1. I'd like the full set of residues that are among the acidic types (Asp, Glu) and in contact (Cβ under 8 Å) with a residue 12 or more places away in the chain, limited to the range 14-40.
2. I'd like to verify a number: residues in the range 11-28 that are open to solvent by less than 60 Å² (accessible area, probe 1.4 Å) and at pLDDT below 90, how many?
3. Within the range 29-38, count every residue that is assigned to a helix (DSSP H, G or I) and open to solvent by 80 Å² or more (accessible area, probe 1.4 Å).
4. Among the residues of the range 41-54, are any open to solvent by 50 Å² or more (accessible area, probe 1.4 Å), part of a helix (DSSP H, G or I), in contact (Cβ under 8 Å) with a residue 40 or more places away in the chain and out of contact with any Leu (no Cβ under 6 Å at 6 or more places or on another chain)?
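The values are calculated or read from the model by the stated rules, or taken from the named source; none is laboratory data. Every value quoted in this text rests on a predicted model; they were computed, and no experiment measured them. Reconstructed Cβ throughout: ideal geometry from the backbone, glycine too, with neighbour counts over all protein chains shown. Areas reflect the complete protein model, heavy atoms only, side chains present, ligands, DNA and RNA absent. Shrake-Rupley method; radii C 1.70, N 1.55, O 1.52, S 1.80 Å.
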Amino acid sequence: MIGSCLPLHVLQAEVDADCAAREVYRFRGPLCAEDRADREHALAALARANKILAKHHPQLPVTP
């Protein structure tokens, strides 16, 4: 019901931000070069999604 009040692109950004935040948490400890690249990719996806969420409402962005 809450989702019906939000535009579709905002709902998709919320799902993307949640998935990216989970992906960031997956990488802990000393990281090899490939893991660092994957973590940076997840952080970039989180930043893109948060940009959309913040534009819609300042309290919606997801923190990693």
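1. As a first pass, look at the range 14-40 and keep what is among the acidic types (Asp, Glu): 14, 16, 18, 23, 34-35, 38, 40.
The answer is GLU14, ASP16, ASP18, GLU23, ASP38.
2. First, the residues of the range 11-28 that are open to solvent by less than 60 Å² (accessible area, probe 1.4 Å): 11, 13, 17, 20-21, 24, 27.
If we keep only those that are at pLDDT below 90 too, we end up with 27.
So the count comes out to 1.
3. Kept after step one, since they are assigned to a helix (DSSP H, G or I), are these residues of the range 29-38: 33-38.
The next check asks that each one be open to solvent by 80 Å² or more (accessible area, probe 1.4 Å); those that pass are 34, 36.
Residues meeting the conditions: 2.
4. Taking every residue of the range 41-54 in turn, at least one turns out to be open to solvent by 50 Å² or more (accessible area, probe 1.4 Å), part of a helix (DSSP H, G or I), in contact (Cβ under 8 Å) with a residue 40 or more places away in the chain and out of contact with any Leu (no Cβ under 6 Å at 6 or more places or on another chain).
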